[in-house]
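The values are calculated or read from the model by the stated rules, or taken from the named source; none is laboratory data. Computed from a predicted model, the values in this text were never measured in an experiment. Backbone-built Cβ (ideal geometry, glycine too); neighbour counts: all protein chains shown. Note: accessible area is taken over every heavy atom of the protein model, side chains too, but ligands, DNA and RNA are not part of it. Shrake-Rupley method; radii C 1.70, N 1.55, O 1.52, S 1.80 Å.
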Amino acid sequence: MKKYFTIMKTLLNLENWNRKEHFLFFKQMEEPFFGITTSIDCTKGYETSKQLGTSFFVYYLHKTIVAVNAMESFRYRILEDAIYIYETIDVSATILRADQTFGFSLIKYSPDFEVFAANALHEIERIQNTTGLFTREFPLDNLIHFSAIPWVNFTSLSHARSYTFPDSCPKISFGKMMIDKEGKRTMSISIHVHHGLMDGYQVGQFVDYFQELMNG
């Protein structure tokens with residue numbers, strides 16, 4: 001446990017970083033986040049989840065966090081004007097309850113799907129048996145903020161944000177699964193990230209790799 005808190009992040013050498021000027025420019029903005037919305041082909045991923053007998057939500061949540069951990073820029077976080085690179089990123093997903101409220105979860109990352117799925121299902125059950133928004137502490141910001149809106153096939157998305165609260169965690173959301181006449185399944189995905197930490201190129205890399213993972 002001591003190792004987890006002491007060596008899981010390293011300081012990025014800002015002076016030698018080729019994006020130093022970009023970081024200094026965007027971090028001073030009231031709204032330094034930018035976002036894109038695109039569509040993901042989830043036909044193969046959905047079929048695989050059914051073959052595994054697992055939740056499709058947990059399946060694509062795992063593929064999302066695998067892709068996040070594979071991308072160094074998605075592991076950058078800003079702490080007191082310095083940039084740290086976390087070794088591992090976990091996920092805080094919004095979990096819906098029977099009364100239509102939701103709570104913020106904390107699901108530990110594992111590259112092993114079975115381990116991750118067990119963590120996710122345990123945390124989902126815990127949230128669904130609690131009340132309120134915050135049901136636990138979030139001691140570190142080695143997170144992505146994740147949500148699913150399976151009722152809406154959205155083409156854009158915005159997030160509620162406090163500009164005075166320091167935040168550099170990527171925010172990833174998925175929409176309703178759509179099925180065309182040929183049986184192809186697609187979902188909209190929205191990705192919002194801190195422009196001081198990455199640009200459209202890195203977001204594109206993430207989308208391409210996530211699609212590759214979903215194609216199996």
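Annotation: of all residues in the stretch 5-24 being modelled with pLDDT of 95 or more and open to solvent by 90 Å² or more (accessible area, probe 1.4 Å), the one that is nearest to H195 (Cα to Cα) is E21. May I ask you to verify whether L61 is within 17 Å of K176 (Cα to Cα) and in a helix (DSSP H, G or I)? Spelling it out, L61 is indeed within 17 Å of K176 (Cα to Cα) and in a helix (DSSP H, G or I). With respect to (1) in a loop (DSSP other than H, G, I, E, B); (2) open to solvent by less than 60 Å² (accessible area, probe 1.4 Å); (3) in contact with a Lys or Arg (Cβ under 6 Å, 6 or more places away or on another chain), the lone exception for H159 is condition (2). Against the conditions (1) small (G, A, S); (2) open to solvent by 30 Å² or more (accessible area, probe 1.4 Å); (3) within 18 Å of the chain's Cα centre (by Cα), S168 satisfies every one except (2). Within the stretch 71-84, does at least one residue satisfy the condition of being under 17 Å from T54 (Cβ atoms), open to solvent by less than 40 Å² (accessible area, probe 1.4 Å) and either modelled with pLDDT of 95 or more or more than 15 Å from the chain's Cα centre (by Cα) (or both)? Looking for residues that are under 17 Å from T54 (Cβ atoms), open to solvent by less than 40 Å² (accessible area, probe 1.4 Å) and either modelled with pLDDT of 95 or more or more than 15 Å from the chain's Cα centre (by Cα) (or both), one finds none in the stretch 71-84, hence no.
Residues in the stretch 46-65 that are more than 14 Å from R185 (Cα to Cα), within 19 Å of the chain's Cα centre (by Cα) and crowded, with 17+ Cβ neighbours inside 10 Å: V58, Y59, L61, H62, K63, T64, I65.
Just one of the listed residues (A67, A93) is outside any helix (DSSP H, G or I) and of a type in the set (A, V, I, L, M), namely A93.
Whenever a residue of the stretch 199-216 is within 24 Å of Q51 (Cβ to Cβ), its partners that are surrounded by fewer than 16 Cβ atoms within 10 Å (Cβ to Cβ), lying with C-beta atoms within less than 6 angstrom and at least six residues away or across chains, give the pairs N215/K44; G216/K44. Got at least one residue in the stretch 172-182 being surrounded by fewer than 20 Cβ atoms within 10 Å (Cβ to Cβ), among the β-branched types (V, I, T) and touching a Lys or Arg at 6+ places or on another chain (Cβ under 9 Å)? Scanning the stretch 172-182, I find at least one residue that is surrounded by fewer than 20 Cβ atoms within 10 Å (Cβ to Cβ), among the β-branched types (V, I, T) and touching a Lys or Arg at 6+ places or on another chain (Cβ under 9 Å), so the answer is yes.
Listed here are the residues, each with its yes/no results for (1) under 25 Å from G53 (Cβ atoms); (2) free of Cβ contacts under 8 Å to residues at least 40 places away in the same chain.
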position	(1), (2)
F104	no, yes
K108	yes, yes
E114	yes, yes
A120	yes, no
G132	no, yes
F138	no, no
N142	no, no
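Among the residues making up the stretch 85-112, those that are open to solvent by less than 30 Å² (accessible area, probe 1.4 Å), hydroxyl-bearing (S, T, Y) and over 21 Å from L133 (Cα atoms) are Y86, S110. In the stretch 115-140, of all residues being modelled with pLDDT under 95 and under 25 Å from V203 (Cβ atoms), the one that is surrounded by the most Cβ atoms within 10 Å (Cβ to Cβ) corresponds to L140.
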